[in-house]
Amino acid sequence: MKQIWIIGGGRFGLRAARYFLGQTESNLEVTLVDRDRQSLEKAKSLGCATVAGDGVDFLFKEMIRTLKPDWVVPAVPVHLAWEWCRLTLGTDRLVSCPLPDDIDGCLPHPMRGTDNQIYVSHADFLCPPNCPEPDDRCTVTGQPRKPDMFRQIAELNVPEVMPFVIQSRQLGPGVGGYSPADLYALADRISRHTGRCLVATACRCHGVISGGSVK
């Protein structure tokens, strides 16, 4: 049986649940994690297994290398991969750190967020929720697709800042996620580094970047 963990039960999490549970594949088990009771009730009505609690904490405690889902779908208003890596490596070892101003000029449409983060996107418009992420052209503009965001971030050349990127892979129209193996590979790469870094989650069009330092 394929297992999918959706971390977060807001609009994006519930949309992901509807997509997965609407597939004809019968051996699919979907678990949704959230603190909000109403969100959990909606997820349960769709056919999800539900867990009440903090999504980052759940992923850290329940996912181990030998016991894990097939896919993790991040749908919480925090940078899930970054927060999980911090807990996995130790919050005293991987610490938050401001990102250099140089990064803003290297990536499209940067927007500074809280907690030393930058959000980037190829789009200066609201993307359709069911975008199929076509290989050749943008769904909205019809123009040739721009370079993959996850590659652009990985190839950043910022002095003394090492980039670490996990790709969010499209699992369905408007639904992205990553495998536990990719998460552990990300943490393993970071663990071998010392000094300033950035940790990013990105698909082909959008990304979130957290600034950090490994001690």
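The values are calculated or read from the model by the stated rules, or taken from the named source; none is laboratory data. Keep in mind that what you see is a predicted model, and the values were worked out from it rather than measured. As a convention, Cβ positions derive from the backbone with ideal geometry for all residues, glycine included, and neighbour counts pool all protein chains shown.
When the range 147-205 is examined, which residues are found to be among the small types (Gly, Ala, Ser) and either modelled with pLDDT under 95 or surrounded by fewer than 18 Cβ atoms within 10 Å (Cβ to Cβ) (or both)? Working first, answer last.
Within the range 147-205, the first condition is being among the small types (Gly, Ala, Ser), and the residues that meet it are 154, 168, 172, 174, 176-177, 179, 181, 185, 187, 191, 195, 200, 202.
Selection gives 154, 172, 174, 179, 181, 185, 191, 195.
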**OP:** May I ask you to list pairs of residues, at least six apart or on different chains, whose Cβ atoms are under 7 Å apart, with the first in the range 178-195 being in the same structural domain as residue 87 (by TED's automatic domain parsing) and of a type in the set (Ser, Thr, Tyr) and the second being surrounded by 17 or more Cβ atoms within 10 Å (Cβ to Cβ) and part of a strand (DSSP E or B)?
**Re:** 178/72; 178/166; 178/167; 179/71; 194/214
Subject >> Options 211, 142: the member that is touching a helix residue (DSSP H, G or I) at 6+ places or on another chain (Cβ under 9 Å) and either over 28 Å from residue 66 (Cβ atoms) or part of a strand (DSSP E or B) (or both) >> reply: 211
Original post:
Got at least one residue in the range 7-30 being of a type in the set (S, T, N, Q), buried (at least 19 other Cβ atoms within 10 Å of the Cβ) and either assigned by TED's automatic domain parsing to the domain that holds residue 119 or more than 14 Å from residue 184 (Cα to Cα) (or both)?
Top reply: no
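Of these, 127, 138, 106, 85, which one is crowded, with 16+ Cβ neighbours inside 10 Å and within 14 Å of residue 200 (Cβ to Cβ)? Don't jump to the end; show me each part of the working.
Values: 127 fails: within 14 Å of residue 200 (Cβ to Cβ); 138 fails: within 14 Å of residue 200 (Cβ to Cβ); 106 fails: crowded, with 16+ Cβ neighbours inside 10 Å.
Of the residues listed, the single one that is crowded, with 16+ Cβ neighbours inside 10 Å and within 14 Å of residue 200 (Cβ to Cβ) is 85.
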Original post:
Does residue 50 fit the bill of being surrounded by 18 or more Cβ atoms within 10 Å (Cβ to Cβ), modelled with pLDDT of 95 or more, not hydrophobic (A, V, I, L, M, F, W, C) and not in a helix (DSSP H, G or I)?
Top reply: yes
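Count, please, the residues in the range 51-72 that happen to be under 15 Å from residue 181 (Cβ atoms) and not polar (S, T, N, Q). Give the steps one after another, and end with the answer.
Let us first name the residues in the range 51-72 that are under 15 Å from residue 181 (Cβ atoms), namely 59, 63-72.
Pick out the ones that are also not polar (S, T, N, Q) and you get 59, 63-65, 67-72.
Qualifying residue count, the range 51-72: 10.
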Original post:
Among the residues of the range 1-31, which ones are over 20 Å from residue 130 (Cβ atoms), of a type outside the set (S, T, N, Q) and in a strand (DSSP E or B)?
Top reply: 2, 5, 7, 29
Subject >> Inter-residue pairs, beta-carbon under 7 Å, first farther than 18 Å from residue 147 by Cβ and in the range 197-215, second buried (at least 24 other Cβ atoms within 10 Å of the Cβ) and at pLDDT below 95, 6+ apart >> reply: none
